[in-house]
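Colleague: Please find one structure pasted underneath; my questions will follow.
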Amino acid sequence: MRKKLIIGNWKMNKTKSEILSFVKDFQNEIKNLNLNCDYGIAPSSIYLDFTKEAFKDNNKIIISAQDAHFEEKGAFTGSNSWSQIKDIGIKYSIIGHSERREMFGDNNTVVNKKTSKLLEEKIVPILCVGESLEDRESGKANDFVTKQLEMALIGIKENEIKDLVIAYEPIWAIGTGKSATSQDAEDMCAEIRNKIKCLYGEEIANKIIILYGGSVNEKNGKEYLSQNNIDGALVGGASLDAKLFVRLLKVVA
Ligand code: 13P
């Protein structure tokens with residue numbers, strides 16, 4: 001049985017005072033709840049440590065990075081390495097988000113290096129894949145996404161992959177309020193699981209956590225998470241408000 005996982009991706013949002021106010025509201029909202037899911041937040045890298053500290057009374061919450069460079073150190077201005085992330089006790093990182101692929105040159109080769117390095121270093125990669133509207137409308141979505149997945153996993157062995165989390169995020173559904181139908185999301189997540197089965201066998205495929213992301217909120221969350229192959233969500237906008245985020249956790253958990 002795969003445990004549900006909900007991660008809020010804050011992207012480039014929130015200042016220190018906004019983080020503190022989120023944590024206060026969040027802790028207040030979850031106080032008497034017995035949530036039967038794993039959940040977490042991915043703040044900007046500059047506030048990873050600060051957010052971790054702010055949540056020190058919550059030993060359940062996962063604090064995830066939004067990206068991690070595959071090199072240990074060196075001349076990569078503006079980047080944070082996997083070793084720096086590990087150094088501050090962070091155990092998860094989003095990798096290959098479409099915003100990084102589109103705006104920061106994270107192509108399939110880079111995404112493969114990052115995924116592979118993180119798995120090697122026992123940091124859980126939340127590997128994002130997803131097609132553009134053009135690919136969806138021309139019927140190429142499945143091929144595009146399975147190719148992205150295959151390329152991200154080059155060289156990764158069976159004994160290394162078990163901690164991987166995959167997030168299917170169709171680009172056209174991100175931040176647009178336009179969500180995929182639960183059936184379309186389920187079909188793609190099933191396709192992804194099937195690809196994992198072809199590459200690594202059924203046992204691993206049945207264990208891998210696959211998230212859906214793209215305009216998920218407390219109204220549509222339950223519908224997505226009731227699908228067979230959708231094990232959770234990667235949430236942008238609806239994770240910025242503590243009350244809304246907890247409402248989402250409550251409906252899906
Ligand atoms: P929204 O939930 O705002 O559409 O963002 C999704 C996303 O990109 C999460 O990584």
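The values are calculated or read from the model by the stated rules, or taken from the named source; none is laboratory data. Everything numeric here is computed off the predicted structure, so don't read it as measured data. Note that we place each Cβ from the backbone using ideal geometry, even for glycine, and neighbour counts take in every protein chain shown. Side chains included, ligands, DNA and RNA excluded: accessible areas come from the protein's heavy atoms. Shrake-Rupley method; radii C 1.70, N 1.55, O 1.52, S 1.80 Å.
Colleague: Here are TYR200, TYR168, TYR224: which of them is within 14 Å of the chain's Cα centre (by Cα), modelled with pLDDT of 95 or more, among the aromatic types (Phe, Trp, Tyr) and more than 10 Å from the ligand (Cβ to nearest atom)?
Modeller: None of the other options fit; the residue is TYR168.
Colleague: Still on this structure: Does at least one position in segment 23-35 carry a residue that is closer than 30 Å to LYS207 by Cβ, aromatic (Phe, Trp, Tyr) and in a loop (DSSP other than H, G, I, E, B)?
Modeller: no
Colleague: Ok, one more. Restricting to segment 19-49, count the residues that are among the hydrophobic types (A, V, I, L, M, F, W, C), surrounded by fewer than 17 Cβ atoms within 10 Å (Cβ to Cβ) and within 16 Å of GLN66 (Cβ to Cβ).
Modeller: So the count comes out to 1.
Colleague: Could I ask something else about it? State whether the residues of segment 90-99 include one that is in contact with a Gly (Cβ under 7 Å, 6 or more places away or on another chain) and open to solvent by less than 30 Å² (accessible area, probe 1.4 Å).
Modeller: Among the residues of segment 90-99, at least one is in contact with a Gly (Cβ under 7 Å, 6 or more places away or on another chain) and open to solvent by less than 30 Å² (accessible area, probe 1.4 Å), which makes the answer yes.
Colleague: Being farther than 15 Å from ILE46 by Cβ and not small (Gly, Ala, Ser) is the filter here; which residues of segment 73-86 pass it?
Modeller: Passing the criteria: LYS73, PHE76, TRP82, LYS86.
Colleague: While we're on this one: In segment 6-18, which residues are without any contact (Cβ under 8 Å) to a residue 40 or more places away in the chain and either buried (at least 21 other Cβ atoms within 10 Å of the Cβ) or part of a loop (DSSP other than H, G, I, E, B) (or both)?
Modeller: MET12, THR15
Colleague: Output the qualifying pairs, or none if there are none: Cβ atoms under 6 angstrom, residues six or more apart or on different chains, first residue in segment 155-171 and surrounded by fewer than 19 Cβ atoms within 10 Å (Cβ to Cβ), second residue in a strand (DSSP E or B).
Modeller: Close Cβ pairs satisfying both conditions: ASP163/VAL124.
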